[in-house]
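Colleague: Below is one structure. I have some questions about it.
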Amino acid sequence: MIDDDPFANSEHNLPVLSVAEISLSLKRTVEESYARVRVRGEISGFKRAASGHLYFALKDENAVLDGVCWKGGAGKLGIKPEDGMDVIATGRLTTYPGRSKYQIVVESMELAGVGALLKLLEDRRLKLLEEGLFDAARKRAVPYLPDVIGVVTSPTGAVIRDILHRLSDRFPRHVLVWPTPVQGEGAAEKIAAAIKGFNAIETVDNIPRPDVLIVARGGGSLEDLWAFNEECVVRAVAESTIAVISAIGHETDTTLIDYVADQRAPTPTAAAEMAVPVRADLQAAVLSMSSRLVQSINRLKTDKKAHLDGFIRGLAGPERMLEYAIQRFDEWSERLGRGLETGLSRQAARLDQLSAGLRRPDGQLREARARLENETRALKSAFDNRMKDKAQRLQNAGALLESYSFERVLDRGFALITDDKGKPVTSVKKLKTGDALSMRLIDGEKPVIVGSKPKAKAKRPTPPGQGQLL
């Protein structure tokens, strides 16, 4: 007969448990005792499964702890896990009965210590440097005087007030603020979205597109500024078609967007100074250039007037031109007469020479005399024609000069009015009632007095022997 009592032949009263029962009891004990823990260790054997779950181990110099992060929590981690990274993992301990192992289910993760952060920062900087994101050739010039300035920062901190105050002092501009958190979980993604959002603005309605962006926050620790070291923010700055000024922390603080930004400002206030010039300085420069321009124009006018006066002094009047023509005519007439006498003398001498060599040169003498007479007549005819031509040209020049005379205008019924100094009067606006004038017509000159407009049915007597102009 078999005894069904398990304790019948036992030396103690411990119950006999199945493997599943002891595993479940152990699992319950571990999870209740370590429902929430924070563990520091170095990541080892990291891998991402096709399902999206993360598997790794946390180790130190004495022990190893398996870790897992389910797909739903993997996207919420503050960092991207990598082998060799020293981290602090927050989660709960549990067991894996299938392998008799215990492990931590990670809910959040952060870098442990400044040294780890600096190593991660340097590794990321070298990676982005190799991609060419920090090349100086790809940086854009910041506009000299932007119409609209976009600011990505916290709307409640002192940073935005400092920027607005500095812009107001130097050169007030239209400012668009895209409020974002500047640290903490999700801050990097929101900062990157703000930069992309500014670039996506089309100038419609009342929302203009910024000409320059300022990404700013105040000082803080390396952990506080870490959002500006995230790849999503750095790549958003690199892809921006709008020039970006980074102003993160104090002058000694450096983040990765400082390398990729088109210009880096040591402080948010300095970023505002880089964005716009000083309006008073600009106004002074414009006034100075305007004054120099006016002075240059005045000098140019003075020089041109001096040149014109010189040209006028160099031009001869009609009288001088006529005098010169008469003098040349006299000179040519005198030279022509001397030439004629000389020519006749040479011909007579030649005739005498030829005659002396002839015996009874009656026929030759008559022929020579005939030729001489013909040449004399031809020469005289040429002289007469030349004299007639010169006389005609002289007459034409005299007629032209005469046509320029004001007396020819008087022939057509016009009058020449001069004041008491003999200067021509060209406008009635310069005359006053009672002015003494002189009126010259074609047949003579007569004094006149300027009168007022006559009233109706009343005539002002004119002094005998004196005409009235108006």
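The values are calculated or read from the model by the stated rules, or taken from the named source; none is laboratory data. The model shown is predicted, which means the values in this text are computed figures rather than measured ones. Neighbour counts run over all protein chains shown; Cβ positions are idealised from the backbone, glycine included.
Colleague: Can you name the residue in segment 121-166 that is farther than 18 Å from residue 255 by Cβ and among the basic types (Lys, Arg) and is also farthest from the chain's Cα centre (by Cα) among such residues?
Modeller: Per the criteria, the residue is 161.
Colleague: Which residues, taken from segment 153-171, are surrounded by 13 or more Cβ atoms within 10 Å (Cβ to Cβ) and of a type in the set (Lys, Arg)?
Modeller: 166, 170
Colleague: Listed residues 347, 295; which is over 30 Å from residue 386 (Cβ atoms), modelled with pLDDT of 85 or more and surrounded by 10 or more Cβ atoms within 10 Å (Cβ to Cβ)?
Modeller: Working: 347 fails: over 30 Å from residue 386 (Cβ atoms).
On inspection, the qualifying residue turns out to be 295.
Colleague: Whether any residue in segment 174-189 is closer than 20 Å to residue 282 by Cα and aromatic (Phe, Trp, Tyr) is what I want to check. Steps first, answer last, please.
Modeller: Taking segment 174-189 as the starting set, the residues that turn out to be closer than 20 Å to residue 282 by Cα are 174.
Narrowing further to those that are aromatic (Phe, Trp, Tyr): none.
No, because not a single residue in segment 174-189 is closer than 20 Å to residue 282 by Cα and aromatic (Phe, Trp, Tyr).
Colleague: Answer yes or no as to whether residue 240 is on the phi < 0 side of the Ramachandran plot, in the same structural domain as residue 151 (by TED's automatic domain parsing) and not hydrophobic (A, V, I, L, M, F, W, C). Even if it seems obvious, please write down each step before you answer.
Modeller: On the way: on the phi < 0 side of the Ramachandran plot: yes; in the same structural domain as residue 151 (by TED's automatic domain parsing): yes; not hydrophobic (A, V, I, L, M, F, W, C): yes.
Yes: the conditions hold for residue 240.
Colleague: Could you look through segment 96-111, keep only residues that are without any contact (Cβ under 8 Å) to a residue 40 or more places away in the chain and touching a Phe, Trp or Tyr at 6+ places or on another chain (Cβ under 8 Å), and pick out the one that is farthest from residue 55 (Cα to Cα)?
Modeller: 96
Colleague: What number of residues within segment 258-304 are touching an Asp or Glu at 6+ places or on another chain (Cβ under 6 Å) and not basic (Lys, Arg)? So that I can check it myself, show each step before the final result.
Modeller: Initially, segment 258-304 is screened for residues touching an Asp or Glu at 6+ places or on another chain (Cβ under 6 Å), giving 264, 266, 268-269.
Then keep just the ones that are not basic (Lys, Arg); that gives 266, 268-269.
So the answer is 3.
Colleague: Then there is this: From 379, 394, 372, grab the single residue that is in the same structural domain as residue 346 (by TED's automatic domain parsing), modelled with pLDDT of 85 or more and farther than 30 Å from residue 327 by Cα.
Modeller: Working: 379 fails: farther than 30 Å from residue 327 by Cα; 394 fails: farther than 30 Å from residue 327 by Cα.
Only one candidate qualifies: 372.
Colleague: Restrict the check to segment 113-130 and report whether at least one residue is crowded, with 17+ Cβ neighbours inside 10 Å and either of a type in the set (S, T, N, Q) or in a loop (DSSP other than H, G, I, E, B) (or both).
Modeller: Looking for residues that are crowded, with 17+ Cβ neighbours inside 10 Å and either of a type in the set (S, T, N, Q) or in a loop (DSSP other than H, G, I, E, B) (or both), one finds none in segment 113-130, hence no.
Colleague: Here are 79, 104: which of them is closer than 26 Å to residue 117 by Cβ, of a type in the set (A, V, I, L, M, F, W, C), at pLDDT below 90 and outside the structural domain of residue 232 (by TED's automatic domain parsing)? Steps first, answer last, please.
Modeller: On the way: 104 fails: at pLDDT below 90.
On inspection, the qualifying residue turns out to be 79.
Colleague: While we're on this one: Within segment 20-49, take every residue that is in contact (Cβ under 8 Å) with a residue 60 or more places away in the chain and under 60 Å from the mean Cα position of the chain (by Cα) and give me the one that is surrounded by the fewest Cβ atoms within 10 Å (Cβ to Cβ).
Modeller: Checking each candidate, the answer is 40.
Colleague: Which numbered condition in (1) part of a loop (DSSP other than H, G, I, E, B); (2) modelled with pLDDT of 90 or more is the only one that residue 45 fails?
Modeller: (1)
Colleague: May I ask you to list the residues in segment 69-101 that are touching a Gly at 6+ places or on another chain (Cβ under 9 Å) and farther than 19 Å from residue 232 by Cα?
Modeller: 69, 70, 71, 72, 73, 83, 86, 87, 88, 89, 91
Colleague: Turning to a different aspect of this structure: Filter segment 55-95 down to residues that are of a type outside the set (S, T, N, Q) and in contact with a Phe, Trp or Tyr (Cβ under 7 Å, 6 or more places away or on another chain) and give me whichever is farthest from residue 189 (Cα to Cα).
Modeller: So in segment 55-95, the residues of a type outside the set (S, T, N, Q) come out as 55-61, 63-89, 91-93.
Then keep just the ones that are in contact with a Phe, Trp or Tyr (Cβ under 7 Å, 6 or more places away or on another chain); that gives 56, 67-68, 81-83, 92-93.
On the way: 56: 26, 67: 26, 68: 25, 81: 18, 82: 20, 83: 24, 92: 27, 93: 30 Å.
So the residue we want is 93.
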